[in-house]
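Just so it is clear, none of the values below were taken in a lab; they were calculated from the coordinates. Values in this document were obtained by computation on a predicted structure and should not be read as measured data. A quick note on method: Cβ atoms are made from the backbone with ideal geometry, for glycine too, and the neighbour counts reach across all protein chains shown.
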Amino acid sequence: MIVSVSRRTDIPAFYSDWFFNRLKEGVVHSVNPFNRRQIGEISLRPEDVDCFVFWTKNPAPMLDRLDLLAGYNYYFQFTLTPYGRDAEPGLPDKRELLEVFRRLSAKLGRDRVVWRYDPVFLSGKYDMDFHAVAFRQLAESLHEYTDLCVISFVDLYAKISRNIRTLALFPLDELKMRQMAAMFSSIAAEYNLTLESCSEKIDLSDCGIRHGQCIDKRRLEKILGGRIDIGKDTNQRQECGCVQSVDIGQYNTCRHLCAYCYANFNAKMVEACAAMHNPRSTILSGELRGDEKINRRKVEHLKIVKDADEKNTGYPGQLSLF
């Protein structure tokens, strides 16, 4: 079982105490985003979790507690973009985050920290020239600490239209996407960084950018030390290449309050949900009320063909991530 921590909110940044409490108890309850009375009960015991995938913009609160993850496999998706507080009001200074990225990579290894430069958008302030300079600076700072950079172009969901109004974003047509992709690819090549796209319809292979998987079969195989048989996550949109996982986060709880984020409706709702957070609760925001239907999720382990089985299976033994 792959556990996503989390697409819906930044648990490492804001709810790491809660997460480690859930880890100690060995179980977490996940609220259905569309029906609060439907609750999934998910085991977090080491023998039941094949791998955690952490999504974050600031894992600093976890850095000195990674020893609590002993016995688990995991890696981080670390989003680090160059935008200012008009777009990302809740983030620390980016120079601090660069240092956090380096420290995390030093602890885990560069193959367990993926750099995300997303979403990419254009405006009068954040134009092509801005991205050319910013991406190069970040690539120069991070290339020794990661092997992969993931990009995606902003999705203008109706529910975020009010939040992004002040950013005055320019429309992104295919020509502009290709121009930016070619620019990113050229810079990444200088620093020996592989580039992948996230949930994009557009084929950027001619720019040297392939469709990626954030919850990535190849990376999981490298971390787990063997081949795995796992399918696409059918709960994600068609363009998403991620393999199956279960998410333990809740929407409208991320206090970064990034204007472009699909996971928050508005700041007032986030404030209300965050105020209900109890680090001892089994759910991230609020408490179970007693009228919920709790469904215990069946633990489905990945079948892992280990390197030691090479002579019996024809498995090549030496895994190559790229």
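Averaging 1/r over every pair of different alpha carbons in region 195-270 and inverting the result gives a Kirkwood radius of 14.7 Å. For region 144-219, the normalised intensity computed at q = 0.21 Å⁻¹ comes to -0.99 (log10 of I(q)/I(0), Debye sum over alpha carbons, equal scatterers, no solvent).
Loop-located GluC sites (Glu not before Pro) in region 114-214 (DSSP state not H, G, I, E or B) with no more than 16 neighbouring Cβ atoms inside 10 Å: Glu144.
Going through the cross-link list Lys24/Lys303; Lys125/Lys176; Lys201/Lys232; Lys222/Lys306, which pairs have a Cα-Cα distance over 21 Å in this structure? Going by Cα-Cα distance, Lys24/Lys303 fall outside the 21 Å limit. When the alpha carbon coordinates of the chain are projected onto the principal axes, the ranges are 57, 51, 36 Å, largest first.
Looking at region 8-90, the GluC sites (Glu not before Pro) that sit in a DSSP loop and have at most 11 other Cβ atoms within 10 Å of their own Cβ are Glu47.
In order along region 269-277, the Karplus-derived 3J(HN,Hα) couplings, from 6.51 cos²θ - 1.76 cosθ + 1.60 at θ = phi - 60°, round to 5, 4, 4, 5, 5, 5, 5, 8, 5 Hz, and Gly and Pro are given as x. Loop-located chymotrypsin sites (Phe, Trp or Tyr not before Pro) in region 67-163 (DSSP state not H, G, I, E or B) with no more than 14 neighbouring Cβ atoms inside 10 Å: Tyr157.
With +1 on each Lys and Arg Cβ and -1 on each Asp and Glu Cβ, and nothing else charged, work out how big the dipole of the chain is about its Cα centre, in Debye to the nearest 20. Its charge dipole is roughly 760 debye.
Work out the FRET efficiency for Met276 and Gln137 from their Cβ-Cβ distance, taking R0 = 22 Å, and round it to the nearest 0.05.
Given R0 = 22 Å and the Cβ-Cβ separation, E is 0.05.
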